[in-house]
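In what follows, a structure is listed as structure tokens, so that the remarks can point back to it.
The values are calculated or read from the model by the stated rules, or taken from the named source; none is laboratory data. Just so it is clear, the model here is predicted, and its values are computed rather than measured. All Cβ positions, even for glycine, are placed from backbone atoms using ideal geometry, and neighbour counts span all protein chains on display. Surface areas here come from the heavy atoms of the whole protein model, side chains and all, with no ligands, DNA or RNA. Shrake-Rupley method; radii C 1.70, N 1.55, O 1.52, S 1.80 Å.
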Amino acid sequence: RLQESRERLSVCSKLCYAVGGAPYQITGCALGFFLQIYLLDVAQVDAFYASIILFAGRVWDAITDPMVGFFISKTSWTRFGRLMPWIMFSTPFAIISYFLIWFVPDISTGQVMWYLVFYCAFQTLVTCFHVPYSALTMFISREQSERDSATAYRMTVEVLGTVLGTAIQGQIVGKVDTPCIGSPFFFGLPNSSVAMEELNMTHDTESLTDTRNAYMIAAGVIGGLYILCALILLLGVRERRESSELQSDEPVSFFQGLKLVMNHGPYIKLIAGFLFTSLAFMLLEGNFALFCTYTLGFRNEFQNILLAIMLSATLTIPFWQWFLTRFGKKTAVYVGISSAIPFLIAVVVLDSNLFVTYVVAVAAGISVAAAFLLPWSMLPDVVDDFKLQHPSSRGHEAIFFSFYVFFTKFTAGVSLGISTLSLDFAGYQTRGCSQPGQVNFTLKMLVSAVPVGLILLSLLLFKLYPIDEEKRRKNKKALQDLREESNSSSESDNTELASIV
């Protein structure tokens, strides 16, 4: 009991730890919901090149996760810890690159390269923040219950971060009416894309100035929040080296550790399940703004619909934390993620109705909350299971977390690139007030049929995941016994050394 009392985290520590998760979600949500429509309708990047930017940025983001995990594993401990210096030094550069993503350069050529460079730069820098922050879960306490509690705090703040990202970006940008070009005549022509491009070039570009300024104001506000959250994390959380250690003080090399991690069955099964879940929600996130604007016809309401989803998700995080504690994490996965299916179907089957869309948005937010909370709540269980099988091998926390993020980001990049490219093939009209029927059909597939199929596949994979509540309790008891044995051995060695001296 005394050991558990020493391992308990104060509410203040949990809150400071949780606040550190907000920057990644605020910026990620703003980019996820708005970057596609910004590139297409504000920066006026061709849909083909926009798909390249989104694909390359996401894939590069995925590649940087294991790279950063590798360098973290080679980082020596300092008086600030091993993870905190990464968070500290990446923050200012991340904010600069984020702001430049939302800036439209006054250059006739090289615009695509501008967005590609700064999008990739920001993804690299935010990875240098988020990978060590994710691994910090294992360094704040050795008690599983305390880590689960801190994770619940973190998920609540992270979903609140998605609300802030959606609200700040959506409400600031939504107050400005982005001009569109009504051209139903061109939709019937085989060379409609060429004709629309010529019309865009002759249209007064000054009409977009207010919209572009609004995007930069939103980027400035979000950058300020990024700095504030990073400071709270750095000043309010102490990284504990002893929290992740059992016996050995010599870590296994990165590549040996990677081989061990990738051969750990529960980890592979867990990330496979959440891989398809993440794909489903990434497709929904990336295409929902276009779906609301063109397919449903809510051009001036889409930012409020997105906000309803995120508010609903934030308010239901505590419910899912109670649910997984009461009924188990695997049950929470089945109930929480599958609950999105009927609403994803309803939003495309029912006629366009604003009230029905808001109801569907609130209901979908409940499932989004489960998808946010459960992966980060279940990953520490896999790490604990790994430690029991390899008690002399330590220092692999960053590998577990970074490669989970790597797989989800890589596949999300592929899916977003393909989805944007499919809109180009369907005949997407840049800055059009409406879109051809093929584009609307494609958007329906991207926000309903494909995500539903991916969710069903993920639920089948979760059946193979072996760590249920009984297994988790046994692992907790075994880890506690290992630590007590390690502590007893250390005390005996100290006593023997004292007697010799």
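Checked against the criterion of being at pLDDT 85 or above and under 24 Å from ARG58 (Cα atoms), the candidates ILE341, ILE366, ILE337 yield just one match: ILE337.
I need the helices (runs of 4 or more DSSP H) fully contained in the stretch 170-283, keeping only those with at least 1 residues that are open to solvent by 20 Å² or more (accessible area, probe 1.4 Å), out of contact with any Lys or Arg (no Cβ under 7 Å at 6 or more places or on another chain) and modelled with pLDDT of 55 or more.
209-236, 254-262
Can you confirm whether THR331 is without any contact (Cβ under 8 Å) to a residue 40 or more places away in the chain, in a helix (DSSP H, G or I) and more than 21 Å from the chain's Cα centre (by Cα)? It is true that THR331 is without any contact (Cβ under 8 Å) to a residue 40 or more places away in the chain, in a helix (DSSP H, G or I) and more than 21 Å from the chain's Cα centre (by Cα).
Of these, LEU35, LEU31, which one is part of a helix (DSSP H, G or I), in the same structural domain as HIS130 (by the TED database), more than 23 Å from MET138 (Cα to Cα) and open to solvent by less than 10 Å² (accessible area, probe 1.4 Å)?
Result: LEU35 is the single residue among LEU35, LEU31 that is part of a helix (DSSP H, G or I), in the same structural domain as HIS130 (by the TED database), more than 23 Å from MET138 (Cα to Cα) and open to solvent by less than 10 Å² (accessible area, probe 1.4 Å).
Say whether the condition of being touching a Pro at 6+ places or on another chain (Cβ under 7 Å) and either of a type in the set (Phe, Trp, Tyr) or buried (at least 22 other Cβ atoms within 10 Å of the Cβ) (or both) is met by at least one residue in the stretch 366-384. Looking through the stretch 366-384, at least one residue is touching a Pro at 6+ places or on another chain (Cβ under 7 Å) and either of a type in the set (Phe, Trp, Tyr) or buried (at least 22 other Cβ atoms within 10 Å of the Cβ) (or both). Apart from one condition, GLY69 fits all of (1) surrounded by fewer than 20 Cβ atoms within 10 Å (Cβ to Cβ); (2) among the small types (Gly, Ala, Ser); (3) farther than 28 Å from MET216 by Cβ; the exception is (1).
Only one entry in LEU421, LEU388, LEU416 is part of a helix (DSSP H, G or I) and surrounded by 22 or more Cβ atoms within 10 Å (Cβ to Cβ), namely LEU416. Tell me, which residue of the stretch 93-140 that is small (Gly, Ala, Ser) and free of Cβ contacts under 8 Å to residues at least 40 places away in the same chain is most open to solvent (accessible area, probe 1.4 Å)? In this case the residue turns out to be SER108.
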